[in-house]
Every structure is written in C-alpha cells, then in structure tokens.
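In what follows, a structure is listed as structure tokens, so that the remarks can point back to it.
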Amino acid sequence: MIGSIIGTGVFALPSALAPYGPISLVAFVAVTLGALALAVTFGALSKRIPASGGPYVYAREAFGEFAGFLNAWSYWITAWAGNAAIVVAWVGYVEVFVNTSHSTAGSVLIALVGLWIPAAVNLTGVRNTGVFQVITTVIKFVPLIFMATIGLLFVDPDNFGPFNAGDQSAVGAISAAAAIALFSYLGLEAASVVAGRVREPGRNVPRATVYGTLACAVIYILGTLAVFGTVSHGELGASTAPFTDAANNIFGGAWAGDAVAVAAVISGIGALNGWTMLCAEMPYAAARDGLFPAAFAMTRKGGVPVFGIVASTVLASLITVFSYTRFDDVFTKIVLLSVLTAVIPYLFSAAAQLYWLLGRGRDGLTRGRLIRDATVAALAMAFSYWSIQGSGYQTVYYGLFVLLLGLPVYVWLKRVRGGSGASDEAARSASDNAPDADAISVPRPRAPETPTARLPGRRVSAVRFRGSLRRHRH
C-alpha cells in the first residue's frame with residue numbers, strides 16, 4: 001500500500017506548495033489528520049466487506065448500484081489522471097540527466113515511456129508486479145528518510161520566505177494548499193481496493209491502511225519541512241526537482257542531487273506500477289457486477305485485466321500530452337483534478353460507514369465505540385467536503401464534467417442488461433428481512449465472463465455481504 005501512496009508526487013510537492021509559503025505546512029498537518037480519519041474509516045469498512053473493489057463495493061452495498069457505478073467511474077478517472085500527474089513529476093527528475101532544456105516534445109516523450117513501462121510490467125502478471133513494487137518501495141524511502149532526518153539539521157529559517165506568500169487570506173491559502181497536499185495521500189485506500197487478493201483481509205487491510213498512512217505522514221511532513229528550509233523560497237517555486245536542489249544545497253555539489261534524482265525516478269516507476277494495477281482493479285470489480293463495460297472484466301492467464309490496464313494507460317497518455325501542450329503548471333492542474341475525483345469516492349465511503357453505524361450498527365457496538373466510530377466517519381466526510389471546496393472553481397467544473405460523462409455509459413449498461421433497478425432494490429430488501437441471508441441466492445445480471453476471467457483468491461457474493469453485515473457489526 002505504501003508503494004502506491006508514496007510516488008514521485010511527494011518529490012514534486014514542495015514546488016507546488018511553494019507559492020503559498022510555509023502556511024502550506026499547516027495545511028499539510030490538517031490534511032494528515034483528515035487522511036488518518038479516512039484511513040480508519042476504510043479500515044472499518046474493509047472488515048465489513050473484505051472483498052476487492054473498495055469504495056465501489058461500499059457505495060453499492062450501502063446506497064445501490066447507481067452510487068456504486070458513480071464511485072467506480074470517479075475512482076477510475078482518479079487512477080489514470082493520477083498516473084498522468086505522477087509521470088509529470090517523474091519527468092522533472094528524469095530531466096536532471098536528459099532533456100535538461102525541458103523542451104515540450106522531449107518531456108512528452110519521456111512521460112509516455114514512463115507510463116508504458118509499468119503497464120508492460122503489469123501485463124506480465126500479478127507476481128511480477130508485486131516483486132517490482134517491493135523493490136521500488138524500498139529504494140524510494142532512502143531520499144525521503146534522509147530529508148526527514150539529516151536534512152532537518154541544515155534548515156535555514158531565512159529560506160522559508162513570507163509565512164503566507166500568496167494573495168489569499170490565511171483560510172483560503174490553507175484550503176487551496178490542502179487540496180494539493182491531499183494528492184500525496186491518494187492511495188491510502190489501495191489495500192481495500194485489492195482486498196480480495198490479500199490474505200486475511202479483515203485483519204491485514206485495516207492494519208496496512210492505518211499504519212501505512214501514519215508512516216507516510218511522518219515522512220511527508222518532515223521531508224517537506226526540510227526542503228522548505230534548505231531551498232530558498234524563490235528557487236523552490238521554479239524548481240522541477242526540489243529534493244534534488246535540497247540535497248545539492250546541503251552537500252554543496254551535484255552528486256547528492258543526482259543520487260536523490262535516481263531514487264525519485266525509481267520511486268515514480270514504482271508508484272506508476274501500483275497505480276496501473278489499481279486503474280484496472282476497480283473497473284474489473286464493477287464489470288463483474290455488470291456496472292462497467294464487460295471488456296474490463298476480461299482477463300488473460302494469471303488473472304491480468306488486460307483491457308483495463310491498456311485503456312487506462314492510453315487515457316493517461318492523452319491527458320499528459322494535452323496538459324503539456326495547454327498548461328504551464330501541468331503538475332498542479334492534473335493533481336487538482338485527480339484529488340477531486342478521488343474525494344468523491346472518499347465521501348461516499350464515509351457516508352456508507354455512517355449509514356451502517358447509525359442505521360444498523362447500534363445493537364452490535366457499545367455506546368462509546370459507536371460514538372467514536374461515528375465521529376471518525378463524520379470527520380472523514382467533513383474533510384472530503386473541505387477538499388472539494390479547496391480544489392477551486394475551475395477544477396470542480398472540469399471534475400463535474402468528466403464525472404457526468406459517466407451517465408451515458410450507465411444508461412447504455414442498463415439498456416444492455418435490461419434491468420430497471422427496481423428488481424435489485426426488491427432483492428436487497430428481501431435479503432435484509434430474511435431469517436438467514438447466507439442461505440439465499442439472489443441472481444444478479446453479470447457481465448459475460450471468459451473462462452479465465454475469475455480472480456484467484458476469495459470471492460464473496462453481494463448477498464453474503466449483506467448477510468454478514470448483521471453478524472459483524474464492528
């Protein structure tokens with residue numbers, strides 16, 4: 001999970017936050033608290049429904065198939081748009097060595113190579129993807145831990161610049177900086193998205209989600225503080241490789257910065273490797289339920305969802321090319337879009353947790369536990385709303401537009417399935433009132449499967465989910 005959270009984005013984050021000044025560190029702390037609330041919420045939800053799909057499954061089981069579709073669609077956009085943001089940051093560190101003039105054509109070519117190498121690794125199978133992820137995760141920690149520890153010893157207060165360097169109020173600056181900072185935590189839900197591939201998901205997914213987020217939080221905040229204090233404010237805002245500049249300033253030479261750049265390049269490939277898998281995983285789960293085009297449910301030997309991987313990488317490539325040719329602040333623009341489309345599934349997930357706690361969970365919890373869990377879910381929900389507000393009007397406009405593009409897809413899927421939705425709700429109600437839901441089998445229309453389209457590992461039907469909700473009221 002940490003391999004998906006920590007990518008090249010955090011290596012570019014200080015430059016993106018620099019226009020706001022050190023007040024952005026306050027925003028980072030606030031975002032960290034919100035991310036922890038989300039992590040605890042996802043941990044609790046994964047105990048209720050320990051199967052692949054994450055936010056998609058939670059929304060569907062709580063609010064119906066249309067909510068599930070919107071979450072799957074929004075998260076899918078987050079995944080491939082997020083890959084575009086990661087690869088833009090990755091290009092900045094690659095260009096420490098090549099295309100040092102930052103020509104647009106050269107940057108685009110490097111970005112496309114960075115997107116398709118992880119796609120090729122994912123297409124070779126789950127085992128190779130996992131090995132690749134472990135290796136890159138270990139390497140990426142080196143520069144981050146260095147800056148979060150040794151780098152703090154070289155902090156010069158004069159480098160920080162004005163506390164609120166922008167032209168916004170303190171509240172406005174914190175909100176705007178928080179929307180960017182949240183990008184560094186995208187992926188905290190990764191363990192819940194692939195829960196069906198995890199051993200003992202009811203125990204391991206919550207641990208990975210909460211402890212992974214805590215570990216990332218410490219490294220992020222201290223590392224960003226060190227970069228702010230070792231690179232002058234003016235230099236930081238124009239930097240495409242801020243951790244490299246910080247290392248060069250600490251050691252007074254280029255060799256240290258080059259070493260950091262190599263680690264950042266490897267980190268970016270690792271993050272892209274993990275997110276490329278996530279790009280296909282949630283659409284796969286939705287397609288198996290007939291709520292995404294059937295092509296996303298088709299796999300090759302080893303359970304690799306080929307179409308999802310290729311389609312997502314193609315879209316990431318297109319938005320990367322578009323952004324390089326249209327925007328000056330490419331990284332920030334794509335980051336804000338990714339954050340907005342990610343926050344929507346986060347919002348639905350927090351709402352699902354509140355729904356189950358207040359509607360069905362009171363009998364199975366002590367009063368203190370209920371108040372605690374409901375408070376955490378409410379904080380996660382409020383944090384999600386705040387993140388949407390801080391994204392800015394232009395981002396909300398583009399985000400709403402791409403989200404609503406899913407409506408024609410949903411209409412087409414409903415027509416192909418020939419369902420009205422009413423039968424699904426009736427089946428849901430019948431299973432909720434039955435004496436033993438585990439003994440009932442309510443058929444649902446599903447996407448056509450190939451003989452190899454079944455994932456290895458545990459798979460639990462939606463009806464069994466609902467039956468288990470009454471027995472496992474955490």
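The values are calculated or read from the model by the stated rules, or taken from the named source; none is laboratory data. A quick note: this is a predicted structure, and the numbers were derived from the prediction, not measured. Neighbour counts run over all protein chains shown; Cβ positions are idealised from the backbone, glycine included. Calculation scope for accessible area: heavy atoms of the full protein, side chains included, ligands and nucleic acids excluded. Shrake-Rupley method; radii C 1.70, N 1.55, O 1.52, S 1.80 Å.
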*Taking the range 8-27, which residues are more than 17 Å from the chain's Cα centre (by Cα) and of a type in the set (F, W, Y)?*
Y20
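Please verify whether G252 is on the phi > 0 side of the Ramachandran plot, of a type outside the set (V, I, T) and open to solvent by 20 Å² or more (accessible area, probe 1.4 Å), treating the condition exactly as stated. If you could, list the steps in order and put the result at the bottom.
Numbers: on the phi > 0 side of the Ramachandran plot: yes; of a type outside the set (V, I, T): yes; open to solvent by 20 Å² or more (accessible area, probe 1.4 Å): yes.
It is true that G252 is on the phi > 0 side of the Ramachandran plot, of a type outside the set (V, I, T) and open to solvent by 20 Å² or more (accessible area, probe 1.4 Å).
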_Just checking, does the range 118-134 include any residue being open to solvent by 10 Å² or more (accessible area, probe 1.4 Å), modelled with pLDDT of 90 or more and either within 19 Å of G187 (Cβ to Cβ) or part of a loop (DSSP other than H, G, I, E, B) (or both)?_
no
*For the subset of the range 1-34 comprising residues that are at pLDDT below 90 and of a type in the set (A, V, I, L, M), which member is surrounded by the most Cβ atoms within 10 Å (Cβ to Cβ)?*
A12
*Out of the residues in the range 169-198 that are surrounded by 15 or more Cβ atoms within 10 Å (Cβ to Cβ) and of a type in the set (S, T, N, Q), state the one that is farthest from L336 (Cα to Cα).*
S192
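Are any residues in the range 139-168 aliphatic (A, V, I, L, M) and open to solvent by 20 Å² or more (accessible area, probe 1.4 Å), and if so, which ones?
Step one: of the range 139-168, the residues aliphatic (A, V, I, L, M) are 139, 142, 144-145, 147-148, 150, 152-153, 155, 165.
Matches in the range 139-168: I139, V142, I145, I150, L152, L153, V155, A165.
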*Limited to the range 40-64, what total is found for residues that are modelled with pLDDT of 90 or more, assigned to a helix (DSSP H, G or I) and of a type in the set (G, A, S)?*
2
*Considering only the range 347-443, give the helices (runs of 4 or more DSSP H) lying wholly within it that have at least 3 residues that are surrounded by fewer than 18 Cβ atoms within 10 Å (Cβ to Cβ) and at pLDDT 85 or above.*
367-390, 393-404, 406-417
_I want to confirm something. Restricting to the range 223-241 and keeping residues that are closer than 14 Å to A165 by Cα and in contact with a Pro (Cβ under 8 Å, 6 or more places away or on another chain), which single residue is modelled with the highest pLDDT?_
F228
*asked:* If I77 meets every condition in (1) over 17 Å from the mean Cα position of the chain (by Cα); (2) in a helix (DSSP H, G or I); (3) farther than 21 Å from A16 by Cα apart from one, which number is that one?
replied: (1)
*How do the helices (runs of 4 or more DSSP H) wholly within the range 200-309 filter down when requiring 3 or more residues that are charged (D, E, K, R): which remain?*
254-288
*Which of (1) under 26 Å from Y185 (Cβ atoms); (2) within 19 Å of the chain's Cα centre (by Cα) does V314 not meet, given it meets every other one?*
(1)
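How many of the residues making up the range 96-117 are touching a residue at least 24 places away in the same chain (Cβ under 8 Å) and either outside any helix (DSSP H, G or I) or of a type in the set (S, T, Y) (or both)? Can you show your working first?
Going through the range 96-117, the residues touching a residue at least 24 places away in the same chain (Cβ under 8 Å) turn out to be 96-97, 102, 104, 107-108, 111-112, 114-117.
Still in the running and either outside any helix (DSSP H, G or I) or of a type in the set (S, T, Y) (or both): 96-97, 102, 104, 107.
Within the range 96-117, residues that are touching a residue at least 24 places away in the same chain (Cβ under 8 Å) and either outside any helix (DSSP H, G or I) or of a type in the set (S, T, Y) (or both) number 5.
With the structure loaded, tell me whether S317 is at pLDDT 85 or above, open to solvent by less than 30 Å² (accessible area, probe 1.4 Å) and either of a type in the set (K, R) or touching a Cys at 6+ places or on another chain (Cβ under 8 Å) (or both) or whether it fails that test.
Details: at pLDDT 85 or above: yes; open to solvent by less than 30 Å² (accessible area, probe 1.4 Å): yes; either of a type in the set (K, R) or touching a Cys at 6+ places or on another chain (Cβ under 8 Å) (or both): no.
Spelling it out, it is not the case that S317 is at pLDDT 85 or above, open to solvent by less than 30 Å² (accessible area, probe 1.4 Å) and either of a type in the set (K, R) or touching a Cys at 6+ places or on another chain (Cβ under 8 Å) (or both).
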